[in-house]
């Protein structure tokens, strides 16, 4: 299976500083996935026409390729409260038992019912990853099953990305973000979704799996980053994360680099920010974007 670093590449570089870009030497990055465009929202007075066109031109041809028969009569609206636990359970069943295409077909059905890509990122896919972890802890599936299924979830995120990025901001001098899993951690779906939100807001995003703080130090030494974000999932990674943050601060080309942390462990321990030496923490992708942007505004105001 391709590594997190292998799956992402982008054409920007930040080695010279925040406003001068050249080709990156070490940082691996998050590129746009294959094109698959769908309106992010449906206006009430155009909903039927948009759905009909989408089914005829996008969904049905794809389903025919894999021998699946479907009907628009089978499409039920998403409840007003959003996606349900039953949606997540069925989705997880598909990604465990089938190829990624089956999960993507289910996702496209949910989009026809009215689910937005944002709700899929923050709801279905995030909840599915959490449920897979619970299944593994309860011995309902193996670590191999979870790893393969997480890879399928990553494929689905990449398939949804073009729709999410259709309204992405484009700026001459964007902020730069480095997203890394704590050394030793394997699953990076949360970071991939986080990258989607930062890219949509106009940031340049780089990321990858690193084996040590020294590898992270090489990246921030060679390339400029405004913020480095770390994901932490388990208590046994705290020492590694604390060490990695300290090394990154010391090695960074940007002497005022901001440090953001998130992940499952942060959700259960909000004091983690000070314990590991970070600047800010965030519970989800939208709040991470807001807090990182706020940190940079504070730094700029202090420098003025």
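The values are calculated or read from the model by the stated rules, or taken from the named source; none is laboratory data. A quick note: this is a predicted structure, and the numbers were derived from the prediction, not measured. With ideal geometry, Cβ positions are generated from the backbone for all residues, glycine too; neighbour counts draw on all protein chains shown.
Answer yes or no: is there a residue in the range 177-198 that is outside the structural domain of residue 104 (by TED's automatic domain parsing) and more than 30 Å from residue 235 (Cβ to Cβ).
no
I'm checking my understanding of the structure. Among residues of the range 137-153 that are surrounded by 16 or more Cβ atoms within 10 Å (Cβ to Cβ) and touching a helix residue (DSSP H, G or I) at 6+ places or on another chain (Cβ under 7 Å), which one is modelled with the lowest pLDDT?
141
With the requirement that a residue be more than 11 Å from the chain's Cα centre (by Cα), under 26 Å from residue 214 (Cα atoms) and assigned to a loop (DSSP other than H, G, I, E, B), what does the range 146-203 give you?
Result: 175, 182, 183, 184, 185, 186, 187, 203.
Restricting to the range 245-273, what's the tally of residues that are in a loop (DSSP other than H, G, I, E, B), modelled with pLDDT of 90 or more and in contact with a strand residue (DSSP E or B) (Cβ under 8 Å, 6 or more places away or on another chain)? Before the answer, list the steps.
Narrowing the range 245-273 to residues in a loop (DSSP other than H, G, I, E, B): 252-257, 263, 269-271.
After this cut, where a residue has to be modelled with pLDDT of 90 or more as well, the list is 252-257.
From what's left, in contact with a strand residue (DSSP E or B) (Cβ under 8 Å, 6 or more places away or on another chain): 252, 257.
The number of residues fulfilling the criteria is 2.
Test residue 297 against the criterion of being more than 21 Å from the chain's Cα centre (by Cα) and touching a residue at least 24 places away in the same chain (Cβ under 8 Å), and give yes or no.
Details: more than 21 Å from the chain's Cα centre (by Cα): yes; touching a residue at least 24 places away in the same chain (Cβ under 8 Å): no.
No.
What are the residues in the range 223-244 that are over 19 Å from the mean Cα position of the chain (by Cα), buried (at least 18 other Cβ atoms within 10 Å of the Cβ) and at pLDDT below 90, if any?
The answer is 237, and nothing else.
Return the total of residues in the range 274-297 being in contact with a helix residue (DSSP H, G or I) (Cβ under 8 Å, 6 or more places away or on another chain) and assigned to a helix (DSSP H, G or I). Break it down into steps so the answer makes sense when it comes.
Narrowing the range 274-297 to residues in contact with a helix residue (DSSP H, G or I) (Cβ under 8 Å, 6 or more places away or on another chain): 275-286, 288-289, 292.
Those left that are additionally assigned to a helix (DSSP H, G or I): 275-276, 285-286, 288-289, 292.
Of the residues in the range 274-297, 7 are in contact with a helix residue (DSSP H, G or I) (Cβ under 8 Å, 6 or more places away or on another chain) and assigned to a helix (DSSP H, G or I).
Let me spell it out: the conditions are (1) in contact with a strand residue (DSSP E or B) (Cβ under 9 Å, 6 or more places away or on another chain); (2) within 20 Å of residue 263 (Cα to Cα), and residue 219 meets all of them except one. Which number is the exception?
(2)
Could you list, in sequence order, the residues of the range 86-101 that are part of a helix (DSSP H, G or I), touching a residue at least 12 places away in the same chain (Cβ under 8 Å) and more than 17 Å from residue 142 (Cβ to Cβ)?
Keep residues of the range 86-101 that are part of a helix (DSSP H, G or I), which gives 86-97, 100-101.
From what is left, the residues that are touching a residue at least 12 places away in the same chain (Cβ under 8 Å) are 87-92, 94-96, 100-101.
87, 88, 89, 90, 91, 94, 100, 101 - these are the residues of the range 86-101 that are part of a helix (DSSP H, G or I), touching a residue at least 12 places away in the same chain (Cβ under 8 Å) and more than 17 Å from residue 142 (Cβ to Cβ).
Would you mind stating whether residue 291 is over 15 Å from residue 182 (Cβ atoms) and either assigned by TED's automatic domain parsing to the domain that holds residue 122 or exposed (fewer than 14 other Cβ atoms within 10 Å of the Cβ) (or both)?
Values: over 15 Å from residue 182 (Cβ atoms): yes; either assigned by TED's automatic domain parsing to the domain that holds residue 122 or exposed (fewer than 14 other Cβ atoms within 10 Å of the Cβ) (or both): no.
Answer is no for this residue.
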